[in-house]
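Peer 1: Encoded as structure tokens, here's the structure I'll be asking about.
The values are calculated or read from the model by the stated rules, or taken from the named source; none is laboratory data. Note that the structure is predicted; figures quoted are calculated from it, not measured. Backbone-built Cβ (ideal geometry, glycine too); neighbour counts: all protein chains shown. Calculation scope for accessible area: heavy atoms of the full protein, side chains included, ligands and nucleic acids excluded. Shrake-Rupley method; radii C 1.70, N 1.55, O 1.52, S 1.80 Å.
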Amino acid sequence: LYYNLGTQEVEDPTGKGLEDLARRIIRTPADPMVTFKEDPLRILRVIRFAAGLDYSIDEGVRAAMKEPALLTALRNKVSRERVRVE
């Protein structure tokens, strides 16, 4: 979801954001594999938001989070300091 400062409206470019909020589901706006490859720290953010807000995690996102290549990227590309902050 985005807040458009010009129109002062919430925009939902995926068409699923408001529904997901109502259903308390966390998913990525694009393919989860692509999203997590771009920034593996997002894997930890999903977990933090789900735990902190008591949301469930979309099954496609769950499956991607278990991919060995993404877990390796998380270990190799993200500093321990950033992991600790999340």
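Peer 1: Quick one: helix 68-77 against the long Cα principal axis of the chain, what's the angle to the nearest 10°, folded into 0 to 90?
Peer 2: The helix 68-77 is inclined about 80 degrees to the chain.
Peer 1: For the chain, find the longest principal axis of its Cα atoms and tell me its angle to the long axis of helix 41-53, 0 to 90°, nearest 10.
Peer 2: Helix 41-53 and the main axis of the chain meet at about 60 degrees.
Peer 1: Next question. What are the trypsin sites (Lys or Arg not before Pro) within the stretch 37-80 that DSSP puts in a loop, where the Cβ has at most 11 other Cβ atoms within 10 Å?
Peer 2: Hits after loop and neighbour filter: Lys66.
Peer 1: Calculate, for the stretch 28-81, the solvent-accessible area per residue in square angstrom, rolling a 1.4 angstrom probe over the heavy atoms of the protein chains.
Peer 2: 64 Å²
Peer 1: Which of the aspartates and glutamates could a cross-linker bridge to Lys16, judged by Cα under 14 Å and excluding same-chain residues fewer than eight apart?
Peer 2: Asp31, Asp58
Peer 1: Also, quick follow-up: Give the carbon-plus-sulfur fraction of the accessible surface of the chain in %, rounded to a whole number; probe 1.4 Å, heavy atoms of protein chains only.
Peer 2: About 53 percent, which is the carbon plus sulfur part of the accessible surface.
Peer 1: I need the Kirkwood Rh of the chain: take the reciprocal of the average 1/r across all distinct C-alpha pairs and report it in angstrom.
Peer 2: Evaluated on the chain, it is 14.0 Å.
Peer 1: Here's another thing I want to ask about it. Using a 1.4 angstrom probe and counting only protein chains, how large is the accessible area of Glu81 in Å², to 10?
Peer 2: 110 Å²
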